1. Residues PHE207, PHE196: which one is at pLDDT below 95 and either closer than 17 Å to TYR83 by Cα or among the aromatic types (Phe, Trp, Tyr) (or both)?
2. Kindly provide the set of residues from region 120-146 that are under 22 Å from TRP93 (Cβ atoms) and crowded, with 18+ Cβ neighbours inside 10 Å, ordered by number.
3. Report yes if some residue within region 93-106 is in contact with a strand residue (DSSP E or B) (Cβ under 7 Å, 6 or more places away or on another chain) and within 20 Å of VAL177 (Cβ to Cβ); otherwise report no.
4. Limited to region 245-260, what total is found for residues that are surrounded by 14 or more Cβ atoms within 10 Å (Cβ to Cβ) and part of a loop (DSSP other than H, G, I, E, B)?
5. Residues to consider are PHE156, PHE207; find the one that is of a type in the set (Phe, Trp, Tyr) and more than 24 Å from ARG270 (Cα to Cα).
6. Being out of contact with any strand residue (DSSP E or B) (no Cβ under 6 Å at 6 or more places or on another chain) and outside any helix (DSSP H, G or I) is the filter here, so list the residues in region 224-244 that pass it.
7. For region 70-186, give me every one of the helices (runs of 4 or more DSSP H) that falls completely inside it and has 3 or more residues that are touching a residue at least 24 places away in the same chain (Cβ under 8 Å), aliphatic (A, V, I, L, M) and touching a helix residue (DSSP H, G or I) at 6+ places or on another chain (Cβ under 6 Å).
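The values are calculated or read from the model by the stated rules, or taken from the named source; none is laboratory data. What you are looking at is a predicted structure, and each value in this text was computed from that prediction instead of being measured. Note that we place each Cβ from the backbone using ideal geometry, even for glycine, and neighbour counts take in every protein chain shown.
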Amino acid sequence: MTGEGLLVSIAKIAAGVAIGLPLVMFLAQDALIFFRQPLPEGRRAEVAKRFPAVEELSLAAADGTRIHAWRVSATGRAPLVLYFGGNAEEVSWMLEDIGDPARGATPGIGWLLVDYRGYGASEGSPSEAALAADALAWYDHAAKLPEVDPKRVYAFGRSLGSGVAVRLAAERALAGVILVSPFDSLVEVGKRHYPFLPVRWMLRHRFDSVSRAPKIETPLLSFVAANDEIIPPEHSKRLYDAWAGPKRWVELGGAGHNSVGGQQFWQNVRTFLAGAG
């Protein structure tokens, strides 16, 4: 092969990579963002045995998809926390924390642990639009329950769930918002991890929380892991700085993205839930 032919071949390969890799990433982005975690029947049986007071709720979404959540009730007309998990989270694990007096028990507070579409026992396929619509549906359903105080409904979002919680706070009146490892937008996080890709152009599920934050006056409690390798603290700080309402920043030294928790964490949660609303 001549030098000119070699250069042409290299140029063709480079062009193929430049076009092909972004195309592959564009087509595969749903699988890269949403790591679906279905509910094994063994886990369902374990929950029923270990937490007999926990209820399973099912709701028909606007498009007819059946969505699922775990409900932990409190006595009387009680506050309620809507929990939205991370992108690889089967949320029944939270029952271990909120059911343990030594860890995350919140006496007098009800919980609704939401399964995203395709996660847990929920049907369908996840997307930003679907998760946002389902969060609104769960709020509208829960706020009407006679045992729930509609003026003290909170959103609790972890990682990807922070985008869902912020979207809910932008569209419904909440008593407070708790965010764990939150981010400014998925576009900005994606650009950080894939600087060689045109992320702004490619991304369908943008979860642009930072553009909504300046209009949200709901009290905020923001937890940030100092050693977060997935969502570095600066992405959380941009969202925090843009938030219009009263806010508190709690940085957990030594914690990584998947190790946020413990007594300090839950004590801050309990204090916030007692005073934010």
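1. PHE196
2. GLY120, ALA121, SER122, PRO126, LEU131, ASP134, ALA135, TRP138, ALA142
3. Yes: region 93-106 contains one or more residues that are in contact with a strand residue (DSSP E or B) (Cβ under 7 Å, 6 or more places away or on another chain) and within 20 Å of VAL177 (Cβ to Cβ).
4. 6
5. PHE207
6. ASN227, ASP228, GLU229, ILE230, ILE231, PRO232, ALA244
7. Once the helices (runs of 4 or more DSSP H) in region 70-186 are filtered for at least 3 residues that are touching a residue at least 24 places away in the same chain (Cβ under 8 Å), aliphatic (A, V, I, L, M) and touching a helix residue (DSSP H, G or I) at 6+ places or on another chain (Cβ under 6 Å), what remains is 128-142, 160-171.
For every residue, the table says whether it meets (1) charged (D, E, K, R); (2) more than 18 Å from the chain's Cα centre (by Cα); (3) exposed (fewer than 14 other Cβ atoms within 10 Å of the Cβ).
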| site | (1), (2), (3) |
| --- | --- |
| ALA165 | no, no, no |
| VAL177 | no, no, no |
| PRO195 | no, yes, yes |
| ARG204 | yes, no, yes |
| PHE207 | no, no, no |
| ALA213 | no, no, no |
| ALA226 | no, yes, yes |
